[in-house]
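Taking it in order: structure first as structure tokens, then the write-up.
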Amino acid sequence: VSLLCGSATAAVSAVAIGWFLQGSEDALIAMAPKSVTAPVAMGITEQLGGLPSLTAVLVIVTGITGAMLGPHVLNLVGVKDWAARGLAIGTASHGIGTARAMQVNETAGAFAGLAMELNALATALLLPLIWRLVFGG
């Protein structure tokens, strides 16, 4: 449940921010899969007709930001369980966040890796379907 909520929140918030800033449809498509590992995100973007190169940049920025700020945010909200921390970081920050989680704690790293892969699978299956239902095409 947390993985699906995290995945949906990442995609919806990115598209909402892009829409608010009046981004083009290509940019909105490129933003949606930003919390998934780069090869999967670029494939989703290409399938939906967006700009895979923009997606690659957004994925890298998301990973670095999540690796840097994620642990601080989790501390701030009081998440102490290493499995939960890893799941959150892996869902939001894919490979870069997972590498950071592994440096901090082995359990967090294991759960981050699991979350990263399950998020990639869920996003690859659900995002194109939902995008086409909501936006057509």
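The values are calculated or read from the model by the stated rules, or taken from the named source; none is laboratory data. Values in this document were obtained by computation on a predicted structure and should not be read as measured data. Here Cβ is always computed from backbone atoms with ideal geometry, including for glycine, and neighbour counts include all displayed protein chains. These area figures cover heavy atoms from the full protein model, side chains too; ligands, DNA and RNA do not enter into them. Shrake-Rupley method; radii C 1.70, N 1.55, O 1.52, S 1.80 Å.
Please work out which one of (1) at pLDDT 95 or above; (2) under 17 Å from residue 3 (Cα atoms); (3) crowded, with 17+ Cβ neighbours inside 10 Å; (4) among the aliphatic types (A, V, I, L, M) is the condition residue 32 fails and give its number.
(1)
Report every pair of residues separated by at least 6 positions or lying on different chains whose Cβ atoms are under 6 Å apart, first residue within region 23-52 and within 16 Å of residue 129 (Cα to Cα) and among the aliphatic types (A, V, I, L, M), second open to solvent by 10 Å² or more (accessible area, probe 1.4 Å) and part of a loop (DSSP other than H, G, I, E, B).
Sorted first by the residue in region 23-52, then by its partner, the pairs are 29/50; 30/50; 30/51.
Based on this model, can you work out whether residue 129 counts as modelled with pLDDT under 95, within 17 Å of residue 5 (Cα to Cα) and open to solvent by 70 Å² or more (accessible area, probe 1.4 Å)? Outline the logic, then answer.
Values: modelled with pLDDT under 95: yes; within 17 Å of residue 5 (Cα to Cα): yes; open to solvent by 70 Å² or more (accessible area, probe 1.4 Å): yes.
Yes: the conditions hold for residue 129.
Suppose we keep only residues that are assigned to a helix (DSSP H, G or I), surrounded by fewer than 19 Cβ atoms within 10 Å (Cβ to Cβ) and of a type in the set (Ser, Thr, Tyr) within region 1-29. Which one would you say is modelled with the lowest pLDDT?
The selected residue is 2.
For residues that are among the β-branched types (Val, Ile, Thr) and open to solvent by less than 30 Å² (accessible area, probe 1.4 Å), scanning just region 48-78, find the one that is farthest from residue 123 (Cα to Cα). Break it down stepwise before answering.
As a first pass, look at region 48-78 and keep what is among the β-branched types (Val, Ile, Thr): 55, 57, 59-62, 64-65, 73, 77.
Filter once more, keeping what is open to solvent by less than 30 Å² (accessible area, probe 1.4 Å): 55, 59, 62.
Working: 55: 14, 59: 14, 62: 16 Å.
Checked region 48-78; the qualifying residue farthest from residue 123 (Cα to Cα) is 62.
Within region 93-129, how many residues turn out to be touching a helix residue (DSSP H, G or I) at 6+ places or on another chain (Cβ under 6 Å) and without any contact (Cβ under 8 Å) to a residue 60 or more places away in the chain?
15
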